[in-house]
There are 2 protein chains.
Amino acid sequence: MQSVWEAVADPHRRKILSLLKGGEMSVSDIHAHFDFSGATLSHHLGKLKAAGLVVTRRKGQQIIYGVHMSVFEEAAQTVSDLFRREEGSS
Amino acid sequence: MQSVWEAVADPHRRKILSLLKGGEMSVSDIHAHFDFSGATLSHHLGKLKAAGLVVTRRKGQQIIYGVHMSVFEEAAQTVSDLFRREEGSS
DNA sequence: TAGACATTTAGATAATTCTCTAAATATTGA
DNA sequence: TCAATATTTAGAGAATTATCTAAATGTCTA
């Protein structure tokens, strides 16, 4: 599994996550927000999926992406751990 | 300025930040925790500095690195923004 | 001032990443 | 079943990154 840190290092992927936080979207819905090719989008979605940050389901011809909440919240914990100021260091 | 996201994408750099959260350290102090060359360490420190996450001062022959608290806390906000669940979405 | 120590810079290489086009796969509807 | 639509995979090229050794820079002490 790819690290969450690497997954969110790319601005396009952070934008995808922000979009998905607003609710599930199909690949073409997401694609409407970007200029690059579908193959490139697929590459980014693959990285997010490898990090476990998103989940997919099929709906007819479309694949619907959504944030994987449990992993997302774990990730929130991980990142806030790095950035939390040392405790008890008055 | 390099993005905080890219700066923390690398595990070595995250380890450096964790070390520095415990207090200021010289380059050689930091180096003692890693296996790679001094030049490589310098490269990583440069990235952290470009992101504004660390500050330096000279103390004789040594350069002392420390976390740049204001930028660090801004970064904490930035990352928690991405990972915060949508508000008011009951 | 010369030599030693600490760190950074320069220049090179290997690995990874982002992007593309073209082809493959999966599903739907006629 | 065929053609259209949606997405992913394959393969390749350009850019970036992590790493190294060697050289340069800055500071201290004898």
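The values are calculated or read from the model by the stated rules, or taken from the named source; none is laboratory data. Being a predicted model, the structure only gives us computed values, none of them experimental. Note: ideal-geometry Cβ built from the backbone for every residue, glycine included; neighbour counts use all protein chains shown. Just the protein is used for accessible areas: all its heavy atoms, side chains included, with ligands, DNA and RNA removed. Shrake-Rupley method; radii C 1.70, N 1.55, O 1.52, S 1.80 Å.
Looking only at residues in the range B:10-33 that are open to solvent by less than 20 Å² (accessible area, probe 1.4 Å) and within 9 Å of DNA strand C (Cβ to nearest atom), which one is farthest from the chain's Cα centre (by Cα)? The qualifying residue farthest from the chain's Cα centre (by Cα) is B:26.
Among residues of the range A:68-86 that are more than 7 Å from every other protein chain (Cβ to nearest Cβ), those with a Cβ under 8 angstrom from a residue that is of a type in the set (D, E, K, R), sequence gap 6+ or separate chain, pair up as A:69/B:85; A:73/B:85; A:85/B:21; A:85/B:73. Residue check: is residue B:46 out of contact with any Phe, Trp or Tyr (no Cβ under 6 Å at 6 or more places or on another chain), more than 10 Å from DNA strand D (Cβ to nearest atom) and either in contact (Cβ under 8 Å) with a residue 24 or more places away in the chain or not polar (S, T, N, Q) (or both)? For residue B:46, the condition - out of contact with any Phe, Trp or Tyr (no Cβ under 6 Å at 6 or more places or on another chain), more than 10 Å from DNA strand D (Cβ to nearest atom) and either in contact (Cβ under 8 Å) with a residue 24 or more places away in the chain or not polar (S, T, N, Q) (or both) - is not met. Remark: residue B:51 matches the filter, which requires a residue to be open to solvent by less than 70 Å² (accessible area, probe 1.4 Å), out of contact with any Cys (no Cβ under 6 Å at 6 or more places or on another chain) and within 16 Å of DNA strand D (Cβ to nearest atom). Criterion first (out of contact with any Lys or Arg (no Cβ under 7 Å at 6 or more places or on another chain), away from DNA strand D (no atom under 15 Å from the Cβ) and open to solvent by 20 Å² or more (accessible area, probe 1.4 Å)) does residue B:3 satisfy it? In short, no.
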